[in-house]
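Note sheet for the following structure.
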(Lines give C-alpha, C1' and ligand atoms only; values in the text may rest on other atoms or scores of the structure.)
Protein backbone atom coordinates (compact mmCIF):
# COMPACT_ATOMS: atom_id res chain seq x y z
CA UNK A 1 0.00 0.00 0.00
CA UNK A 2 1.40 3.39 -1.03
CA UNK A 3 1.52 6.18 1.56
CA UNK A 4 -0.68 9.22 1.00
CA UNK A 5 0.94 11.94 -1.14
CA UNK A 6 0.79 14.23 1.90
CA UNK A 7 2.24 11.73 4.41
CA UNK A 8 5.55 13.55 4.81
CA UNK A 9 3.86 16.93 5.24
CA UNK A 10 1.32 15.45 7.66
CA UNK A 11 4.16 14.09 9.82
CA UNK A 12 5.86 17.49 10.03
CA UNK A 13 2.52 19.13 10.87
CA UNK A 14 1.83 16.53 13.55
CA UNK A 15 5.20 17.37 15.10
CA UNK A 16 4.39 21.09 14.89
CA UNK A 17 1.10 20.66 16.76
CA UNK A 18 2.53 18.21 19.31
CA UNK A 19 5.24 20.73 20.20
CA UNK A 20 2.80 23.66 20.36
CA UNK A 21 4.31 25.50 17.40
CA UNK A 22 2.73 28.14 15.22
CA UNK A 23 4.46 27.65 11.86
CA UNK A 24 6.23 25.07 9.76
CA UNK A 25 8.88 26.59 7.49
CA UNK A 26 10.24 24.63 4.54
CA UNK A 27 13.23 26.43 3.04
CA UNK A 28 15.57 25.05 0.39
CA UNK A 29 18.94 24.13 1.88
CA UNK A 30 17.61 23.78 5.43
CA UNK A 31 15.84 21.02 7.33
CA UNK A 32 12.16 21.57 8.15
CA UNK A 33 11.84 24.27 10.82
CA UNK A 34 9.20 24.90 13.47
CA UNK A 35 8.35 28.27 15.01
CA UNK A 36 7.95 27.67 18.73
CA UNK A 37 7.10 30.72 20.84
CA UNK A 38 8.65 33.02 18.25
CA UNK A 39 11.90 31.07 17.90
CA UNK A 40 12.82 28.94 14.87
CA UNK A 41 13.89 25.37 15.66
CA UNK A 42 15.29 22.95 13.09
CA UNK A 43 14.03 19.37 13.02
CA UNK A 44 16.70 16.67 13.11
CA UNK A 45 16.34 15.87 9.41
CA UNK A 46 18.40 16.35 6.27
CA UNK A 47 18.17 19.69 4.46
CA UNK A 48 15.42 19.90 1.86
CA UNK A 49 15.69 20.96 -1.74
CA UNK A 50 13.04 22.75 -3.80
CA UNK A 51 11.65 19.65 -5.55
CA UNK A 52 11.28 17.84 -2.19
CA UNK A 53 9.36 20.80 -0.76
CA UNK A 54 7.15 21.01 -3.82
CA UNK A 55 6.46 17.25 -3.76
CA UNK A 56 5.51 17.38 -0.07
CA UNK A 57 3.28 20.47 -0.20
CA UNK A 58 1.72 20.65 -3.69
CA UNK A 59 -0.65 17.69 -3.10
CA UNK A 60 -2.06 19.49 -0.03
CA UNK A 61 -3.10 22.57 -2.01
CA UNK A 62 -6.60 23.01 -3.38
CA UNK A 63 -6.81 22.49 -7.16
CA UNK A 64 -7.16 26.24 -7.70
CA UNK A 65 -4.13 27.07 -5.52
CA UNK A 66 -2.06 24.34 -7.20
CA UNK A 67 -2.90 25.80 -10.61
CA UNK A 68 -2.02 29.29 -9.36
CA UNK A 69 1.32 27.94 -8.09
CA UNK A 70 2.06 26.32 -11.46
CA UNK A 71 1.27 29.57 -13.29
CA UNK A 72 2.68 32.22 -10.95
CA UNK A 73 4.99 30.33 -8.53
CA UNK A 74 2.78 31.13 -5.56
CA UNK A 75 -0.25 29.35 -4.14
CA UNK A 76 -2.25 29.91 -0.97
CA UNK A 77 -4.64 27.33 0.42
CA UNK A 78 -6.12 25.94 3.57
CA UNK A 79 -5.45 22.35 4.55
CA UNK A 80 -6.98 20.09 7.19
CA UNK A 81 -5.41 17.04 8.78
CA UNK A 82 -8.22 14.98 10.29
CA UNK A 83 -7.86 14.65 14.04
CA UNK A 84 -5.15 17.32 14.16
CA UNK A 85 -6.17 20.81 13.02
CA UNK A 86 -6.42 23.21 10.08
CA UNK A 87 -3.51 25.00 8.45
CA UNK A 88 -2.92 27.89 6.09
CA UNK A 89 -0.36 27.03 3.41
CA UNK A 90 1.70 29.37 1.28
CA UNK A 91 3.80 27.57 -1.34
CA UNK A 92 6.04 29.99 -3.20
CA UNK A 93 9.45 30.40 -4.80
CA UNK A 94 12.44 31.81 -2.95
CA UNK A 95 15.47 32.52 -5.09
CA UNK A 96 13.96 30.39 -7.84
CA UNK A 97 13.28 27.33 -5.65
CA UNK A 98 10.12 26.06 -3.97
CA UNK A 99 9.63 27.05 -0.32
CA UNK A 100 6.63 26.97 2.01
CA UNK A 101 5.28 28.64 5.11
CA UNK A 102 2.47 26.79 6.87
CA UNK A 103 0.56 28.29 9.81
CA UNK A 104 -1.41 26.21 12.31
CA UNK A 105 -4.86 27.71 12.81
CA UNK A 106 -6.46 27.67 16.25
CA UNK A 107 -9.38 25.24 16.61
CA UNK A 108 -11.69 28.04 17.72
CA UNK A 109 -11.90 31.75 17.07
CA UNK A 110 -10.46 33.60 20.05
CA UNK A 111 -12.61 36.16 21.81
CA UNK A 112 -11.58 39.79 21.46
CA UNK A 113 -10.89 40.09 25.18
CA UNK A 114 -8.46 37.15 24.93
CA UNK A 115 -6.40 39.12 22.39
CA UNK A 116 -5.75 42.00 24.81
CA UNK A 117 -6.45 44.61 22.14
CA UNK A 118 -7.18 48.25 22.98
CA UNK A 119 -10.89 49.04 23.62
CA UNK A 120 -11.38 50.99 20.37
CA UNK A 121 -10.88 47.76 18.41
CA UNK A 122 -14.09 46.26 19.82
CA UNK A 123 -15.92 49.47 18.86
CA UNK A 124 -15.23 48.56 15.22
CA UNK A 125 -17.71 45.70 15.59
CA UNK A 126 -20.52 48.22 16.17
CA UNK A 127 -20.06 50.05 12.90
CA UNK A 128 -23.00 49.66 10.54
CA UNK A 129 -21.16 50.78 7.41
CA UNK A 130 -17.81 51.96 6.24
CA UNK A 131 -14.36 50.63 5.54
CA UNK A 132 -12.09 49.19 8.23
CA UNK A 133 -8.45 48.49 7.41
CA UNK A 134 -6.44 46.04 9.48
CA UNK A 135 -2.75 45.99 8.64
CA UNK A 136 0.56 44.80 9.96
CA UNK A 137 3.49 42.52 9.23
CA UNK A 138 3.16 38.77 8.72
CA UNK A 139 2.28 36.95 11.92
CA UNK A 140 1.12 40.06 13.75
CA UNK A 141 -2.47 38.85 14.21
CA UNK A 142 -4.40 40.51 11.38
CA UNK A 143 -6.46 37.43 10.51
CA UNK A 144 -7.02 36.53 14.17
CA UNK A 145 -8.21 40.06 14.95
CA UNK A 146 -10.53 40.05 11.95
CA UNK A 147 -11.96 36.65 12.90
CA UNK A 148 -12.59 37.81 16.47
CA UNK A 149 -14.31 41.00 15.25
CA UNK A 150 -16.53 39.04 12.87
CA UNK A 151 -17.37 36.64 15.68
CA UNK A 152 -18.54 39.59 17.83
CA UNK A 153 -20.65 40.88 14.92
CA UNK A 154 -22.14 37.43 14.30
CA UNK A 155 -23.07 37.05 17.98
CA UNK A 156 -24.89 40.39 17.99
CA UNK A 157 -26.72 40.48 14.67
CA UNK A 158 -27.17 38.94 11.25
CA UNK A 159 -25.04 41.06 8.97
CA UNK A 160 -23.08 40.63 5.77
CA UNK A 161 -19.35 41.35 6.10
CA UNK A 162 -16.97 41.31 3.14
CA UNK A 163 -13.22 41.10 3.68
CA UNK A 164 -10.60 41.69 1.03
CA UNK A 165 -7.23 40.17 1.89
CA UNK A 166 -4.21 41.34 -0.03
CA UNK A 167 -1.18 39.21 0.76
CA UNK A 168 1.10 40.03 -2.16
CA UNK A 169 1.00 41.05 -5.81
CA UNK A 170 -0.06 37.55 -6.88
CA UNK A 171 -2.81 36.98 -4.35
CA UNK A 172 -6.19 38.64 -4.03
CA UNK A 173 -8.76 36.77 -1.99
CA UNK A 174 -12.30 37.95 -1.45
CA UNK A 175 -14.04 36.35 1.50
CA UNK A 176 -17.57 36.89 2.62
CA UNK A 177 -18.88 36.13 6.08
CA UNK A 178 -22.48 36.35 7.08
CA UNK A 179 -24.46 35.22 10.03
CA UNK A 180 -28.03 34.14 10.31
CA UNK A 181 -29.71 34.15 13.62
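The values are calculated or read from the model by the stated rules, or taken from the named source; none is laboratory data. Treat the numbers as computed from the prediction; the structure is a model and nothing was measured. No Cβ is skipped: glycine too gets one built from the backbone with ideal geometry, and neighbour counts run over all protein chains shown.
Key figures for this structure:
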read-out	value
Options 146, 174: the member that is modelled with pLDDT under 80 and under 16 Å from the mean Cα position of the chain (by Cα)	174
Selection within segment 97-108 - at pLDDT 85 or above and touching a helix residue (DSSP H, G or I) at 6+ places or on another chain (Cβ under 8 Å)	97, 98, 99, 100, 102, 104
Checklist (1) assigned to a helix (DSSP H, G or I); (2) more than 14 Å from the chain's Cα centre (by Cα) applied to residue 28, failing item	(1)
Qualifying positions in segment 123-136 - part of a helix (DSSP H, G or I), over 19 Å from residue 158 (Cβ atoms) and touching a helix residue (DSSP H, G or I) at 6+ places or on another chain (Cβ under 6 Å)	none
Unmet requirement for residue 99, which otherwise passes all of (1) touching a residue at least 40 places away in the same chain (Cβ under 8 Å); (2) surrounded by fewer than 17 Cβ atoms within 10 Å (Cβ to Cβ)	(2)
Selected residue [in the same structural domain as residue 93 (by TED's automatic domain parsing) and in contact with a helix residue (DSSP H, G or I) (Cβ under 8 Å, 6 or more places away or on another chain)] from 25, 61, 13, 36	61
Unique residue being farther than 19 Å from residue 30 by Cα and in contact with a strand residue (DSSP E or B) (Cβ under 6 Å, 6 or more places away or on another chain) when the list is 103, 88, 129	88
Search result, residues across segment 48-90 that are in a helix (DSSP H, G or I) and surrounded by fewer than 13 Cβ atoms within 10 Å (Cβ to Cβ)	51, 63, 64, 67, 70, 71
